[in-house]
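Chemist: Let me begin by handing over the structure; questions about it come next.
The values are calculated or read from the model by the stated rules, or taken from the named source; none is laboratory data. Note that the coordinates shown come from a computational prediction; the quantities given were computed from them, not determined experimentally. Here the Cβ is made from the backbone with ideal geometry for all residues, glycine too, and neighbour counts use every protein chain on show.
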Amino acid sequence: MLLGIPCAIHPDPGLSSSASSCWGNMMDVVLLHGLLLLLPLAALLLYRYNATFHYFCKVAFFNCWIIAMATLLSPFAALRGRSVENMKLLRAAILPLKHFYGIKMQVWGLEHLNTEELYVIVSNHQAALDLMGMVEIIPDRCVPIAKKEILYMGTVGWASWLSGIIFVDRYKREDAINVISQTARTMQREKFRVWIFPEGTRNQDKSMLPFKRGAFHLAVQAQVPIFPVVFSPYWDFFSSKEKKFTSGTCTIQILPKVETQGLSSTDVPRLTDTVRQAMADAFAEMSVSCCEDQSAEHPQHPHCAGVGAGAGRGTGSPQCEENTTGTSN
Ligand SMILES: CCCCCCCCCCCCCCCCC(=O)SCCNC(=O)CCNC(=O)[C@H](O)C(C)(C)COP(=O)(O)OP(=O)(O)OC[C@H]1O[C@@H](n2cnc3c(N)ncnc32)[C@H](O)[C@@H]1OP(=O)(O)O
Ligand SMILES: CCCCCCCC/C=C\CCCCCCCC(=O)OC[C@@H](O)COP(=O)(O)O
């Protein structure tokens, strides 16, 4: 018996055909086992030496983790019903991810959020990885506003709904505006805070996209302050375009609050511009330090060529030119 296959090699020449077929079986099994051993080895080598494979493995793990955690936690969350308190479960489930990925989180200005009052948080949105930064600082009783598509992602949608996440249909402006106006009323009544990504979509460019106005209408209608939060650029450790995903540091900067007391809807465009400008300045400053760290490690990083040497203008990417200007101001 070899590896579970019954096999008797009989010296009798009359049985030689059965013996040779048995030999064939043995070879098949050996080959199969060899292949089964080689596959993980090849995957390991690919993971180690092929950046694209490495990237897809890490993204797949991220998605699997979220799906697994959502599936595991949804029944517990369901016991409580739809409640912002369930955000604590989601938070606890996402917090360990940074350790798996070797991503160091550095938070500046957390004391700003340490207040009893209600507020709206607005932040830039680079990738789904933002979830890891969000859970570092998300205060109690705070729910994100998310695109409606997430609601249909099976248990992930279910977990999100149970945690009180508010969904907007970005393709139906009237409906989205209604949801936001309703949120302005309920956040006061039910005492919760709201987190919005005013760019409205993921963006890994050198600068932030123009801001949608919903977050600012919400803060004005609810008469609550806005806390701008800026995630430093991920480009030294993550890029979906370049298929890059390594370890690194993410800095989260919480800017001082912007008051909305006494403002009305006519002030929203100016308010939006003020907040965006403050965030863009912070992002530009963080880009410079990110570029400096990067150029120390890899002097010819495509985003940063020339910055370390003070030759950003005209030689490096527009990103670095913009950053250099941002710092000198
Ligand atoms: C443990 C396991 C875990 C499992 C689960 C965990 C995983 C899932 C968790 C998810 C949580 C994380 C969430 C991350 C998700 C992030 C996203 O999904 S980003 C996408 C969704 N977010 C947004 O879209 C941002 C909010 N959008 C807006 O605020 C928009 O303004 C809009 C309301 C959708 C309208 O957009 P649009 O029409 O494209 O453009 P605007 O320029 O903003 O507005 C046009 C016009 O309308 C006026 N207006 C806008 N809002 C209002 C309002 N509330 N009241 C009155 N008027 C409004 C605006 O002023 C403009 O008019 P104007 O005359 O030009 O000024
Ligand atoms: C029965 C259906 C089963 C469906 C299975 C769904 C699988 C879902 C896989 C992984 C879940 C990870 C979800 C993380 C969500 C993170 C939030 C996020 O970053 O969303 C992007 C959104 O802000 C902007 O979207 P766009 O840039 O406009 O696009």
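Chemist: Quick check on the range 233-242. Is at least one of its residues small (G, A, S) and more than 19 Å from Y55 (Cβ to Cβ)?
Modeler: Applying the first criterion (small (G, A, S)) to the range 233-242 yields 239-240.
Going one step further and asking which of them are more than 19 Å from Y55 (Cβ to Cβ), we end up with none.
Within the range 233-242 (the criterion being small (G, A, S) and more than 19 Å from Y55 (Cβ to Cβ)), the answer is no, since none of the residues qualifies.
Chemist: Just name the residue that is nearest to ligand 2 (Cβ to nearest atom) out of those in the range 118-140 that are over 8 Å from the mean Cα position of the chain (by Cα) and among the hydrophobic types (A, V, I, L, M, F, W, C).
Modeler: Ranking the qualifying residues of the range 118-140, first place goes to M134.
Chemist: Still on this model: I'd like the full set of residues that are in contact with a Leu (Cβ under 7 Å, 6 or more places away or on another chain) and of a type in the set (G, A, S), limited to the range 252-283.
Modeler: The answer is A278, A282.
Results for (1) within 12 Å of ligand 2 (Cβ to nearest atom); (2) buried (at least 16 other Cβ atoms within 10 Å of the Cβ); (3) at pLDDT 95 or above, shown as yes or no for each residue.
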site: C142; (1), (2), (3): no, yes, yes
site: A146; (1), (2), (3): yes, yes, yes
site: Y152; (1), (2), (3): yes, no, yes
site: N178; (1), (2), (3): no, no, yes
site: S181; (1), (2), (3): no, no, yes
site: R185; (1), (2), (3): no, no, yes
site: E190; (1), (2), (3): no, no, yes
site: G214; (1), (2), (3): no, yes, yes
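Chemist: Return yes when L97 is within 11 Å of ligand 1 (Cβ to nearest atom) and out of contact with any Leu (no Cβ under 6 Å at 6 or more places or on another chain) and no when it is not. Steps first, please.
Modeler: Working: within 11 Å of ligand 1 (Cβ to nearest atom): yes; out of contact with any Leu (no Cβ under 6 Å at 6 or more places or on another chain): yes.
Considered against the rule, which asks whether it is within 11 Å of ligand 1 (Cβ to nearest atom) and out of contact with any Leu (no Cβ under 6 Å at 6 or more places or on another chain), L97 comes out as yes.
Chemist: Let me ask something else. For the range 236-247, which positions are surrounded by fewer than 20 Cβ atoms within 10 Å (Cβ to Cβ) and on the phi < 0 side of the Ramachandran plot? Spell out the reasoning first.
Modeler: Of all residues in the range 236-247, those surrounded by fewer than 20 Cβ atoms within 10 Å (Cβ to Cβ) come to 239-244, 246-247.
Residues satisfying the conditions are S239, S240, K241, E242, K244, T246, S247.
Chemist: Return yes when P210 is touching a strand residue (DSSP E or B) at 6+ places or on another chain (Cβ under 6 Å), within 11 Å of ligand 1 (Cβ to nearest atom) and part of a loop (DSSP other than H, G, I, E, B) and no when it is not. Reasoning before the result, please.
Modeler: Working: touching a strand residue (DSSP E or B) at 6+ places or on another chain (Cβ under 6 Å): no; within 11 Å of ligand 1 (Cβ to nearest atom): yes; part of a loop (DSSP other than H, G, I, E, B): yes.
Considered against the rule, which asks whether it is touching a strand residue (DSSP E or B) at 6+ places or on another chain (Cβ under 6 Å), within 11 Å of ligand 1 (Cβ to nearest atom) and part of a loop (DSSP other than H, G, I, E, B), P210 comes out as no.
Chemist: Look through the range 141-194, keep the residues that are more than 6 Å from ligand 1 (Cβ to nearest atom) and basic (K, R), and return whichever of them is nearest to L79 (Cα to Cα).
Modeler: Filtering the range 141-194 down to residues more than 6 Å from ligand 1 (Cβ to nearest atom) leaves 141-143, 148-149, 151-155, 157-158, 161-164, 166-167, 169, 171-172, 174-175, 178-179, 182-194.
After this cut, where a residue has to be basic (K, R) as well, the list is 141, 148, 172, 185, 189, 191, 193.
Details: R141: 18, K148: 24, K172: 32, R185: 26, R189: 23, K191: 21, R193: 23 Å.
It comes out as R141.
Chemist: If you don't mind, another one. Out of A60, A68, I need the residue that is out of contact with any Leu (no Cβ under 7 Å at 6 or more places or on another chain), surrounded by 12 or more Cβ atoms within 10 Å (Cβ to Cβ), within 30 Å of L95 (Cα to Cα) and without any contact (Cβ under 8 Å) to a residue 12 or more places away in the chain. Which one?
Modeler: Details: A60 fails: surrounded by 12 or more Cβ atoms within 10 Å (Cβ to Cβ).
Every option except A68 fails the conditions.
Chemist: Looking at (1) more than 21 Å from M286 (Cα to Cα); (2) within 14 Å of ligand 1 (Cβ to nearest atom); (3) not in a strand (DSSP E or B), which is the only condition E199 fails?
Modeler: The failed condition is (1).
Chemist: Same structure again: I want to confirm something. Restricting to the range 154-170 and keeping residues that are surrounded by fewer than 17 Cβ atoms within 10 Å (Cβ to Cβ) and within 11 Å of ligand 2 (Cβ to nearest atom), which single residue is farthest from H217 (Cα to Cα)? Spell out how you get there, then give the answer.
Modeler: We begin by selecting, within the range 154-170, every residue surrounded by fewer than 17 Cβ atoms within 10 Å (Cβ to Cβ); these are 154, 169-170.
Now drop any that are not within 11 Å of ligand 2 (Cβ to nearest atom), which leaves 154, 170.
Values: G154: 31, R170: 16 Å.
Here the answer is G154.
Results for (1) at pLDDT below 95; (2) among the aliphatic types (A, V, I, L, M); (3) in a helix (DSSP H, G or I); (4) buried (at least 18 other Cβ atoms within 10 Å of the Cβ), shown as yes or no for each residue.
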residue: Y234; (1), (2), (3), (4): no, no, no, yes
residue: T251; (1), (2), (3), (4): no, no, no, yes
residue: P256; (1), (2), (3), (4): no, no, no, no
residue: L263; (1), (2), (3), (4): no, yes, no, no
residue: D267; (1), (2), (3), (4): no, no, yes, no
residue: L271; (1), (2), (3), (4): no, yes, yes, yes
residue: M279; (1), (2), (3), (4): no, yes, yes, yes
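Chemist: Pick from E199, E259: which is out of contact with any Asp or Glu (no Cβ under 9 Å at 6 or more places or on another chain), within 20 Å of L118 (Cβ to Cβ) and charged (D, E, K, R)? I'd like the intermediate steps shown before the answer.
Modeler: Numbers: E199 fails: within 20 Å of L118 (Cβ to Cβ).
After ruling out the rest, the residue left standing is E259.
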